[in-house]
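Below is one structure; the comments refer to it alone.
The values are calculated or read from the model by the stated rules, or taken from the named source; none is laboratory data. Just so we're clear, the structure is a prediction, and the values are computed from it rather than from any experiment. Cβ placement follows ideal geometry from the backbone for every residue including glycine, while neighbour counts extend to all protein chains displayed. For accessibility, only protein heavy atoms count, side chains too; no ligands or nucleic acids. Shrake-Rupley method; radii C 1.70, N 1.55, O 1.52, S 1.80 Å.
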Amino acid sequence: MDKDDACPTVPGIPENNGCKGRDCSDVIKREQERLKKLQEEAKEINYNTLSDRIIKDIDFTLLKEKNIIYLVDYELLVCGTGLESSCGGYYEATPIYKNSDFWTEETIMKIYNKTKKNFILGMLFGGMGSGIEFENIPKDISNLNLKNRKTKIFKEGSENEVFMYYKANDTQPIKTLNGLLININKNDFEKKVNVEMLYTTYQNDITLNDNIHHFKRKYLIYQFINNQWELIETKQNF
């Protein structure tokens with residue numbers, strides 16, 4: 001409980017009254033060494049073509065609604081003990097190819113041109129405090145050649161205004177939309193990138209846990225082979 005927590009705003013451990021319980025300098029040092037090695041190994045790898053390869057594997061048949069939220073960032077809120085809660089900012093980092101490297105204006109336009117549907121940008125929070133945060137002013141996405149306006153969306157029992165890029169002049173508040181998350185989980189030393197794709201349909205209240213009508217998750221592993229990215233493994237659950 002916050003009343004018993006000496007550090008209520010940061011992840012911590014019970015043994016240290018809810019505060020961080022370890023010196024993260026050793027973790028930071030290892031991650032810096034890992035980053036240096038990965039950067040050296042990545043010089044020969046063309047990451048510019050990876051975004052197109054990922055787009056090719058999006059299942060657009062699951063995006064049936066006329067409104068879509070592109071979850072351009074994902075933040076895992078961890079509660080508990082161990083390395084993840086104490087030094088989460090440096091654990092399992094993906095420094096070479098990240099979510100921000102995929103979700104660019106160019107990528108968004110390519111996905112939009114395959115769907116021709118209205119879209120909103122947002123952030124997904126997983127774990128403790130799960131939910132969606134809508135971006136009224138999109139970060140680093142300022143030059144999209146599309147119409148835009150504020151529209152109303154149902155969220156947690158109330159109407160909230162959000163910033164939408166749209167194709168059709170729909171003035172009705174949004175009650176149902178698809179969600180598309182493409183999360184870069186991890187870069188391995190073996191020229192591999194792990195990608196998570198999450199497809200959802202939100203009805204009535206646009207929240208993470210309530211009134212989800214459709215849910216599908218895929219895990220894809222790409223490897224740079226013979227100067228191109230190949231999909232070498234796919235897992236999925238419903």
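Does the stretch 65-73 contain at least one residue that is surrounded by fewer than 14 Cβ atoms within 10 Å (Cβ to Cβ), out of contact with any Ser or Thr (no Cβ under 6 Å at 6 or more places or on another chain) and modelled with pLDDT of 75 or more? Explain how you work it out, then say what you get.
Keep residues of the stretch 65-73 that are surrounded by fewer than 14 Cβ atoms within 10 Å (Cβ to Cβ), which gives none.
Scanning the stretch 65-73, I find no residue that is surrounded by fewer than 14 Cβ atoms within 10 Å (Cβ to Cβ), out of contact with any Ser or Thr (no Cβ under 6 Å at 6 or more places or on another chain) and modelled with pLDDT of 75 or more, so the answer is no.
Every residue in the stretch 23-61 that is of a type in the set (A, V, I, L, M, F, W, C) and touching a Ser or Thr at 6+ places or on another chain (Cβ under 9 Å), please.
Of all residues in the stretch 23-61, those of a type in the set (A, V, I, L, M, F, W, C) come to 24, 27-28, 35, 38, 42, 45, 50, 54-55, 58, 60.
Of everything in the stretch 23-61, those that are of a type in the set (A, V, I, L, M, F, W, C) and touching a Ser or Thr at 6+ places or on another chain (Cβ under 9 Å) turn out to be 24, 27, 54, 55, 60.
Tell me whether the stretch 28-45 contains one or more residues that are part of a loop (DSSP other than H, G, I, E, B) and within 25 Å of the chain's Cα centre (by Cα).
Yes; the residues of the stretch 28-45 include at least one that is part of a loop (DSSP other than H, G, I, E, B) and within 25 Å of the chain's Cα centre (by Cα).
Give all pairs with beta carbons closer than 9 Å in which a residue from the stretch 40-57 that is under 20 Å from residue 103 (Cβ atoms) and open to solvent by 30 Å² or more (accessible area, probe 1.4 Å) meets a residue that is among the aromatic types (Phe, Trp, Tyr) and assigned to a loop (DSSP other than H, G, I, E, B); count only pairs at least 6 apart in sequence or on separate chains.
Between residues of the stretch 40-57 that are under 20 Å from residue 103 (Cβ atoms) and open to solvent by 30 Å² or more (accessible area, probe 1.4 Å) and residues that are among the aromatic types (Phe, Trp, Tyr) and assigned to a loop (DSSP other than H, G, I, E, B), the close pairs are 47/97.
Enumerate the pairs (first residue in the stretch 222-238 and under 13 Å from residue 56 (Cβ atoms); second residue anywhere and of a type in the set (Asp, Glu)) with beta-carbon separation below 8 Å, excluding pairs fewer than 6 apart on the same chain, so at least 6 apart or on different chains.
222/230; 231/57
Anything in the stretch 147-188 that is modelled with pLDDT under 65 and assigned to a strand (DSSP E or B)? List them, or say none. Steps first, please.
Of all residues in the stretch 147-188, those modelled with pLDDT under 65 come to 154-159, 168-171.
The answer is 154, 155, 158, 159.
Which residue out of 81, 49, 61 is among the β-branched types (Val, Ile, Thr) and at pLDDT below 85? Please lay out each step first, then the result.
On the way: 49 fails: at pLDDT below 85; 61 fails: at pLDDT below 85.
Result of the check over 81, 49, 61: 81.
I'm trying to understand the selection: among the residues of the stretch 19-30, which are at pLDDT 75 or above and of a type outside the set (D, E, K, R)?
Step one: filter the stretch 19-30 for residues at pLDDT 75 or above, giving 19, 29-30.
Once the filter is applied, which keeps residues that are at pLDDT 75 or above and of a type outside the set (D, E, K, R), the stretch 19-30 yields only 19.
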